[in-house]
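Comments concern the structure below.
Bear in mind that the values in this text are calculations on the coordinates, not laboratory data. Worth saying up front: this structure is predicted, and the values here are computed from it rather than measured. Cβ placement follows ideal geometry from the backbone for every residue including glycine, while neighbour counts extend to all protein chains displayed.
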C-alpha cells in the first residue's frame, strides 16, 4: 500500500518534533481548523490543502507548494526525504513534525505500515526551505507563519 499525502487534513494530525517551530505548527493547525457549516463554505483543512499544487503521493517524491514569500505567491518545491534518528529501542523516528499515528484504545499503534499521511512533514520542510534551514525555522511568530502560509495579513 502506498503512503498518502493526506486523506483529511485535521488540526489534530500535527505532532511537533525536536524543532522549536511550535509557532508555525500552531498557525498550520489554525488554518486546518476550518469546518463545514451553514455560514462557512469551506471544508475542514481546505485552507491548508489549497497550498498543495501536487496533492497526491507520487513515485518521484517531489512536491510543489504555494506559500507567500514577501507578499508574493511563490512555488516551493521539496522532496519527501526527511531527517530521522534511532530512539533508545533502535526504532527510526522522524526528527521533526509528523502526522499523528493512529493508536487503539490500549495505546497500540494501528497504522505503522508506512502508509500514514505526511502532509505535516511536507509543509514544515517548505517552511524550513523558506527560512533557509530547519535550524533557521526555529523561534518565530504565528503572524509571520500565517502571512507566509496563505497570505493572511497579520499584526
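Please give the peptides 53-63, 82-92 ranked by average Cβ packing (other Cβ atoms within 10 Å per residue), highest first, as a rough proxy for protection.
53-63, 82-92
How much FRET efficiency would the formula 1/(1 + (r/R0)^6) give for residue 87 and residue 20, where r is the Cβ-Cβ distance and R0 is 22 Å, rounded to 0.05?
On the way: r = 20 Å, r/R0 = 0.89.
Efficiency, rounded to the nearest 0.05: 0.65.
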